[in-house]
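See below for the structure under consideration.
The values are calculated or read from the model by the stated rules, or taken from the named source; none is laboratory data. The structure displayed is predicted, hence computed values, not measured ones. No Cβ is skipped: glycine too gets one built from the backbone with ideal geometry, and neighbour counts run over all protein chains shown.
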Amino acid sequence: MTQPTEQGTVWLTQEAFDKLEAELANLKGPMRQEVIARISAARDEGDLKENGGYHAARDEQGKLEGRIRQLEDIIRRAQVGETPADDGVVEPGMKVTYRFVGDDETTTFLLGAREIDDDELEVFSPQSPLGSAIIGSSKGDTVSYTAPNGKELKVEIVDAVPYAG
């Protein structure tokens, strides 16, 4: 697997890329037509100033179009890669468990694109301060990085395994 070469690159597995493309197709097709039909039906009811259904449908249309633009941008910047090797080396596509040095509590997250829909795991971008600091490190390594608040933090990599979805 190749590493992202520019800040804007979004690393995705083929499965995640396919999910985003399917969502985009659904939003641009059936969902867009459904919202347009609701706007049209609400417009036919008359006075638009007092028409709550019309305004709600227009708001929904704005959100839908925003998500479409977001997905198109992600897909345009996507770098589709193989699932990483299970060698304990941190790279995009890995489920990483770490702990702050001096703390017993561990945290697990996915190093990848925030757009990957996983309700159980927080997702960190490889370009985030923590993500960029730990790429290439291995299980057992201790890594320092500067948090957004300017504080220098040290973390120990407890585990790194390929994300299974």
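Descriptive notes on the structure:
- Scoring ALA78 on the criteria (1) surrounded by fewer than 16 Cβ atoms within 10 Å (Cβ to Cβ); (2) modelled with pLDDT under 85; (3) touching a helix residue (DSSP H, G or I) at 6+ places or on another chain (Cβ under 9 Å) leaves a single failure, condition (1).
- Taken together, the residues in the stretch 49-75 that are loosely packed, with under 12 Cβ neighbours inside 10 Å and modelled with pLDDT under 85 amount to 3.
- Selection status of LEU24, closer than 30 Å to SER144 by Cα and either loosely packed, with under 13 Cβ neighbours inside 10 Å or in contact (Cβ under 8 Å) with a residue 40 or more places away in the chain (or both): no
- Candidates VAL123, VAL90: the one that is at pLDDT below 85 and surrounded by 16 or more Cβ atoms within 10 Å (Cβ to Cβ) is VAL123.
- Residue match in the stretch 97-106 (condition: under 29 Å from ASP73 (Cβ atoms), assigned to a strand (DSSP E or B) and either modelled with pLDDT of 85 or more or assigned by TED's automatic domain parsing to the domain that holds ASP18 (or both)): no
- Which numbered condition LYS95 misses (of (1) under 24 Å from ALA16 (Cβ atoms); (2) exposed (fewer than 14 other Cβ atoms within 10 Å of the Cβ)): (2)
- Per the listing GLY140, GLY136, the residue uniquely under 22 Å from the mean Cα position of the chain (by Cα), assigned to a loop (DSSP other than H, G, I, E, B) and not hydroxyl-bearing (Ser, Thr, Tyr) is GLY136.
- Scan of the stretch 26-83 for residues that are part of a helix (DSSP H, G or I) and in contact with a strand residue (DSSP E or B) (Cβ under 7 Å, 6 or more places away or on another chain), ordered by number: ILE74, ARG77
- Some residue of the stretch 36-50 being closer than 30 Å to TYR163 by Cα and free of Cβ contacts under 8 Å to residues at least 40 places away in the same chain: no
- Residue list for the stretch 68-96, restricted to those being out of contact with any Leu (no Cβ under 6 Å at 6 or more places or on another chain) and basic (Lys, Arg): ARG69, ARG76, ARG77
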